[in-house]
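Report on one structure; see the data block that follows.
The numbers here are math on the coordinates, done by the rules we state, and not lab data. Predicted, not measured: the structure shown is a model, and the values here were computed from it. Neighbour counts run over all protein chains shown; Cβ positions are idealised from the backbone, glycine included.
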Amino acid sequence: MLNTSLLKFLTQPVARVVVLISILVYPSASLAQIKAVPLNAQLNRLTEGTQPQALDRTYTLGGGDRIRVNVFEVPEYTGEYQIPPGGAINMPLIGSVPLEGLTTEQAADEIAKRYARFLKRPLISVNLLSPRPLNIFVSGEITRPGAYTLSLASGGGDNPGVQYPTVLGAITRAQGVTMAADITQVRVRRLVKGGRQQEVTINLKEWITTGKVPQDITLRDGDTIFIPTARELNLAEARNLATVSFAASSSAPRTVAVIGEVDRPGAYLVNTGATTTTDNQAAQPGGGNNVANLPTLTRVIQQAGGITPQANIRQVTIRRATKTGSEQNINVNLWQLLQSGDISQDVILQDGDTIVVPTATEINSAEATQLATTTLSPAQIQVGVVGEVKNPGRVQIKPNSPLNDALLAAGGFNDARAKRKRVTLVRLNPNGSVTRRKIKVDLAAGINEQTNPILRKDDVILVGRSRIAKVADPLGVILSPVSGAINILRFLFNGF
């Protein structure tokens, strides 16, 4: 025999359908098994996932709203009211009426009940003349998290002309989402009557790809918008995100740090129209050419003077701090950008990013030569060539150029005076130490570490004297006084 609760449950049409579905889906289940589970749990379980997420969109009155209360056929009781922070208005005859959290229809019913004590069948209407500003809180991966006051367009009550702020409008007001945001899981939380909280998840990626938001969410007073941090970053999607209307402004200046294998490691200010620099220009406003484009990884590397010959551009890392206090590590392959034109590898940066350009374990001479012609490398570097060359001093060569190119740029060896077989390469290391290395010269050799190594900025090549020069130079010093006296005698005798 069925108990009273189950009997009441089965007498309701919706409940009968639920039980019928459960019997069809689970034919072995008995009524006793169904009865053992709480009725609310049965209904929730069987209907779970069938109802789309939705928020209560009704507008409820609160402090700051301006309303008009019409008491038909009693014009002396009709009037306009500004609802105070407490939510109650004082009306003729009935006194204080609390309206906080009520819709305009509910407010009209509440006022009618109170007037019913004094009026026969009172007819009441409540119209919203001027809605209060909405207080919204935006948190998570947003440029400026915090509370915001958003205004509504003027209108009356449920008039369709009333324009409520939207989620996209609130995100834009908070200066846009960060590059670390997961826009597929934007959450909107809303408190409703009774202290309950509703939550809905919005996928803004659908708005980017299809041009429409799956749910047209308009905000209400007290709503909270939360943008979570992305667990994984898709470089192509991240670049698209940077250009949408609700992203952080690309023209806002941002400070990033560059460390590792670049010419001038340090912090740089980057923004739209920032300055790019060549090797002999300081990274400061006013130098170089103004480039009006997005603040990307390659632009910052250019500002840092370009990569060194030891740079591993296949494993560049961008360290990005998130609003939750964690850190995203974004791996970038700039070689893929150069070879296939994969523009997604040229990551758009945000304030606080740190770029790490690691050192390569091996250097491919063909790749090094190719890199020297790209904008990742400086246009030229300076090295010193001193000693027995025809034009000693500082010479300009292309980056990743070998030792032989520097010797030729200095005019080549100084005839018989130069020691042609070996030269000395002096290098100032990043840690401040100095290394000296003997190089066996082979002008016919290609790039290799033994006889024709790739040079770095500010390297110095010392070309020594040949044995003949070492013997001839002392003799010249000894014989110079005698030759001077002979020249004087010639002058005297020729003069007579």
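Residue 471 to residue 366: FRET efficiency via 1/(1 + (r/R0)^6), r the Cβ-Cβ distance, R0 45 Å, to the nearest 0.05?
E(calc), rounded to 0.05, equals 0.55.
For residue 379 paired with residue 123, estimate the spin-label separation in nm (one decimal), with each label point 7 Å from Cα along the Cα-to-Cβ line.
8.4
Sort the following peptides by mean Cβ neighbour count (other Cβ atoms within 10 Å, averaged over residues), highest first: 361-371, 95-105, 168-178.
168-178, 95-105, 361-371
For labels at residue 390 and residue 172 in the simple 7 Å Cα→Cβ model, what's the distance in nm?
6.7
Grab the other residues whose beta carbon is less than 13 angstrom from that of residue 116, score K and R as +1, D and E as -1, and report the net.
Once positives and negatives cancel, what remains is +3.
If R₀ is 25 angstrom, what is the calculated FRET efficiency for the pair residue 201 and residue 234, using the beta carbon separation as r and rounding to 0.05?
0.85
Expected output is a single nm value to one decimal: the length gained when fully extending between residue 427 and residue 445, i.e. 0.36 nm times separation in residues minus the C-alpha distance. What is it?
Fully extending the segment from residue 427 to residue 445 adds 4.3 nm.
Would you please put 438-446, 339-347 in order of how densely packed they are, using the mean number of other Cβ atoms within 10 angstrom per residue and starting with the highest?
339-347, 438-446
Per 10 Å bin, what percent of the C-alpha pairs of the range 315-469 does each bin hold, from zero upward?
Calculated over all Cα pairs of the range 315-469, the distribution is 10, 31, 27, 17, 10, 4, 1, 0 percent.
Between residue 144 and residue 249, how many nm apart are label points set 7 Å from Cα along the C-beta direction?
0.9
Report the full-extension gain for the segment residue 191 to residue 57: residue separation times 0.36 nm, less the Cα-Cα distance, to one decimal in nm.
47.1 nm
Ranked highest first by the average count of other Cβ atoms within 10 Å around their residues, in what order do 240-252, 184-196, 400-412 fall?
Sorting 240-252, 184-196, 400-412 by mean packing, highest first, produces 400-412, 240-252, 184-196.
So if I take the alpha carbon set of the range 381-465, get Rg, then get Rh from the Kirkwood formula, what is the Rg over Rh ratio?
When Rh is taken as the Kirkwood radius, the ratio is 0.93.
Under the 0.36 nm per residue contour assumption, what length would be gained going from the current alpha-carbon distance of residue 315 and residue 437 to full extension?
40.9 nm
Just want the ordering: 179, 91, from fewest to most Cβ atoms lying within 10 Å of their own Cβ.
91, 179
So, counting K/R as plus one and D/E as minus one, what does the shell of residues with Cβ under 14 Å around residue 135 add up to?
My count for the surroundings of residue 135 gives +2.
Give the lysines reachable from residue 205 as a straight Cα distance under 20 Å; neighbours fewer than 8 places away on the same chain don't count.
none
Under 29 Å Cα to Cα from residue 438, which lysines show up? Leave out anything in the same chain fewer than 8 places away.
Excluding near neighbours in sequence, the set is 390, 398, 419, 421, 457, 470.
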